[in-house]
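Structure record follows, encoded as structure tokens.
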Amino acid sequence: MEFMGIITIDPAAFNVWSLRISMSLTTIIFILGCFLALRALLYMRSADPAYLDRIKDQDMSPDDGFSESVAKMLWSTVQTEEKEGNLAPKPFLHDATRQVAENMFHGKFINKISMCSNLLPPIGLWGTVAGMIVIFLYTGDPGNALNKGAVGTKLWSTFLALIYYVSLEGITLLLVMRSRRCIDRGLSVKH
């Protein structure tokens with residue numbers, strides 16, 4: 001196959017390499033998303049409410065879990081408000097702390113996992129387009145095994161990318177639900 005009279009491309013090699021590149025990229029991005037999800041799960045480790053009450057007045061630390069961070073954040077806000085004499089209503093403080101905690105968690109984990117999942121369909125589409133290029137530009141017999149392989153390439157790379165996409169989106173949904181429970185646990189400290 002000749003491209004604009006400048007480059008000659010071997011359709012069989014092009015078909016195989018487009019499949020390898022597409023599937024490798026989607027798999028690497030999926031593994032990266034799973035790694036980020038695992039880090040998020042470790043960050044949301046379980047914390048006993050009695051333990052949160054004991055540590056709420058300590059300074060925040062990078063080693064804190066999510067519930068610990070929320071408890072310390074709420075306690076710090078309440079103490080600051082009391083010192084200034086501007087004690088806000090309890091529901092307002094809880095809502096504001098919840099929003100800050102959600103934003104922090106989303107920025108640290110969920111947005112990155114969503115970015116990984118959203119990259120997958122276009123990469124799968126690239127595999128589809130590469131397979132279609134071989135089919136439409138190859139001048140040989142349309143019933144050739146190479147063309148049938150190109151159809152398989154385009155279908156397999158898209159299928160794999162969509163499976164990975166749906167998996168990461170499901171993981172994201174589960175992480176968001178679990179993060180809400182962690183936030184509720186952190187907001188349950190006495191103040």
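The values are calculated or read from the model by the stated rules, or taken from the named source; none is laboratory data. If you're wondering where the values come from, they're calculated on a predicted model, not measured in any experiment. Here the Cβ positions follow ideal geometry from the backbone for every residue, glycine too, while neighbour counts run over all protein chains shown.
Structure values in brief
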| quantity | calculated |
| --- | --- |
| Single match in A50, A12, A71, A40 (criterion: at pLDDT below 80 and either of a type in the set (G, A, S) or touching a strand residue (DSSP E or B) at 6+ places or on another chain (Cβ under 8 Å) (or both)) | A12 |
| Qualifying residue in segment 70-91 (condition: part of a helix (DSSP H, G or I), hydrophobic (A, V, I, L, M, F, W, C) and either without any contact (Cβ under 8 Å) to a residue 40 or more places away in the chain or surrounded by fewer than 18 Cβ atoms within 10 Å (Cβ to Cβ) (or both)) | no |
| Residue in segment 46-54 that is assigned to a helix (DSSP H, G or I), among the aliphatic types (A, V, I, L, M) and within 27 Å of the chain's Cα centre (by Cα) present | no |
| Only one of L173, L146, L160 that is surrounded by 14 or more Cβ atoms within 10 Å (Cβ to Cβ), at pLDDT 85 or above and part of a helix (DSSP H, G or I) | L160 |
| Selection from segment 92-106 of residues that are among the polar types (S, T, N, Q) and either in contact with a helix residue (DSSP H, G or I) (Cβ under 9 Å, 6 or more places away or on another chain) or buried (at least 21 other Cβ atoms within 10 Å of the Cβ) (or both) | T97 |
| Tabulated pairs, segment 50-61, first in contact (Cβ under 8 Å) with a residue 40 or more places away in the chain, second surrounded by 13 or more Cβ atoms within 10 Å (Cβ to Cβ) and not in a helix (DSSP H, G or I), C-beta under 9 angstrom, 6+ apart or interchain | L52/S188; L52/V189; D53/S188; D53/V189; K56/V189; K56/H191 |
| Top-ranked residue in segment 40-64 [being touching a helix residue (DSSP H, G or I) at 6+ places or on another chain (Cβ under 6 Å) and within 19 Å of M177 (Cα to Cα); ranked as surrounded by the most Cβ atoms within 10 Å (Cβ to Cβ)] | A40 |
